[in-house]
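The numbers here are math on the coordinates, done by the rules we state, and not lab data. Small disclaimer: the values here were computed from a predicted structure and weren't measured. Positions of Cβ are generated from backbone atoms using ideal geometry, with glycine treated the same way; all protein chains shown enter the neighbour counts.
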Amino acid sequence: KDIGIIIAITGMNGKSKVVDAGTGSGALAIALANLVKEVHSYDILDEHLEIAKENLKKLDIKNFS
C-alpha cells in the first residue's frame, strides 16, 4: 500500500538498484522489480526467502537476487 509513496519520494526509476530489507512474500520486491534495474532483498527467515523465490519464479522476474 505504501509503494506509490516510496517510489515518489525516492525517485527510483529504470536505472535504480534497490535493497529491500525483510523480503516476506516478495510482494514489494516484485512490484519494484517491474520498475527498477535490479532488486536485492534480504530476510532473516529462510522460509520467507523460499516463498519469495517461488513467487518470483512464477512471474518470471529475473532482476532479483
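Odds and ends about this structure:
- Taking first residues from the stretch 20-31 that are among the acidic types (Asp, Glu) and partners that are part of a helix (DSSP H, G or I), the Cβ contacts under 9 Å between residues at least 6 apart in sequence or on separate chains come to ASP20/LEU28; ASP20/ALA29; ASP20/LEU32.
- Among residues of the stretch 22-65, those that are part of a helix (DSSP H, G or I), surrounded by fewer than 19 Cβ atoms within 10 Å (Cβ to Cβ) and touching a Ser or Thr at 6+ places or on another chain (Cβ under 7 Å), counted: 4
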